[in-house]
Amino acid sequence: MTDPVKVKRSSIWHYLNTGTLTSPTWSRLGYAVTTGAIEYNPETEETADITMDNKVTEIVSYKRSLPLEGTVYPGDPAFDFIDNIRINMGVLNDAKSEMVNVWAYKAPSGTPSTWPAEKVPVNIAIESFGGEGAADAKIKYTIYDAGDPILGKFDPSGKTFTANT
């Protein structure tokens, strides 16, 4: 057994589909984003029958979200995509996309190198835009899972996701 190794936040990658579902363009999310952690928000159910003295908590589902805050950076493809949702106050289909989460702290495989990843449909909600005077403009938004993730591999050089078979 090898010794455990700490990993940095930079080894968890997020790619947002800034193209279309039929012709995806995977743009790295995170440029000038200062904070972002996937929140799993487990949904639970408590049960107890008449033979028990304590309740049992079961995990029945997850309601994942990725709240992000960053600096406004026009020209960054991921920011421009999200900013377009903000400008048009996109809702329903106009706030949808896909995201690939790449676990780059795990060992790559194959040639070209691919990393374990998951692709998930998402909804993007704009929280705030602007900020304090004499400071960089900020944007806050949350990316919500809108379906079940599909496990697979991601090739960052070719920007392609391949589902596991």
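Just so you know, all these numbers are worked out from the coordinates, no wet-lab data involved. In this text, all values refer to a predicted model and were calculated from it rather than measured experimentally. Here the Cβ positions follow ideal geometry from the backbone for every residue, glycine too, while neighbour counts run over all protein chains shown.
For a protection proxy built on the mean count of beta-carbon atoms within 10 angstrom, sort 98-108, 133-143, 83-93 highest first, please.
Numbers: 98-108: 18.1, 133-143: 14.4, 83-93: 12.5.
Averaged packing, sorted descending, gives the order 98-108, 133-143, 83-93.
So for the pair Tyr31, Glu46, with labels modelled 7 Å out along Cα→Cβ, what separation do we get in nm?
Here the answer is 4.8 nm between the modelled labels.
Mind scanning Lys55/Lys153; Lys6/Lys55; Lys63/Lys159; Lys119/Lys140; Lys6/Lys159 and naming the pairs with a C-alpha gap bigger than 31 Å?
Beyond 31 Å: Lys55/Lys153; Lys6/Lys55.
Sort Ser10, Ser97, Ser113 by Cβ crowding within 10 Å, fewest neighbours at the top.
Ordered by Cβ neighbours within 10 Å, fewest first: Ser10, Ser113, Ser97.
Tell me whether region 1-115 comes out rounded, prolate or oblate; compute the Cα gyration tensor, take square roots of the eigenvalues as a ≥ b ≥ c, and use a/c under 1.5 as the rounded threshold.
Note, shape of region 1-115 comes out oblate.
Given R₀ = 41 Å, FRET efficiency for Lys96-Lys8 by Cβ-Cβ distance, to 0.05?
In this case the efficiency is close to 0.85.
Read phi for every residue in region 126-142 and hand back ³J(HN,Hα) as whole Hz from Karplus 6.51 cos²θ - 1.76 cosθ + 1.60, θ = phi - 60°, with x for Gly and Pro.
7, 9, 7, 8, x, x, 7, x, 6, 10, 4, 5, 10, 10, 10, 8, 10
For a label point 7 angstrom out from the Cα of Ala107 toward its Cβ, which stretches of region 1-17 have the backbone nitrogen within less than 16 Å?
1-5
According to a simple spin-label model (label point 7 Å from Cα along Cα-to-Cβ), what is the distance in nm between Thr57 and Tyr73?
3.7
How large is the charge dipole for the chain, taken about the Cα centre, if only the Cβ atoms of Lys, Arg (+1) and Asp, Glu (-1) carry charge, to the nearest 20 debye?
That gives the chain a dipole magnitude of about 680 debye.
How much mean residue ellipticity at 222 nm does the chain get from its helices, if each DSSP H run of length 4 or more adds -39500 (n - 2.57) and you divide by all residues, to the nearest 500 deg cm²/dmol?
Here the helix-only value at 222 nm equals -2000 deg cm²/dmol.
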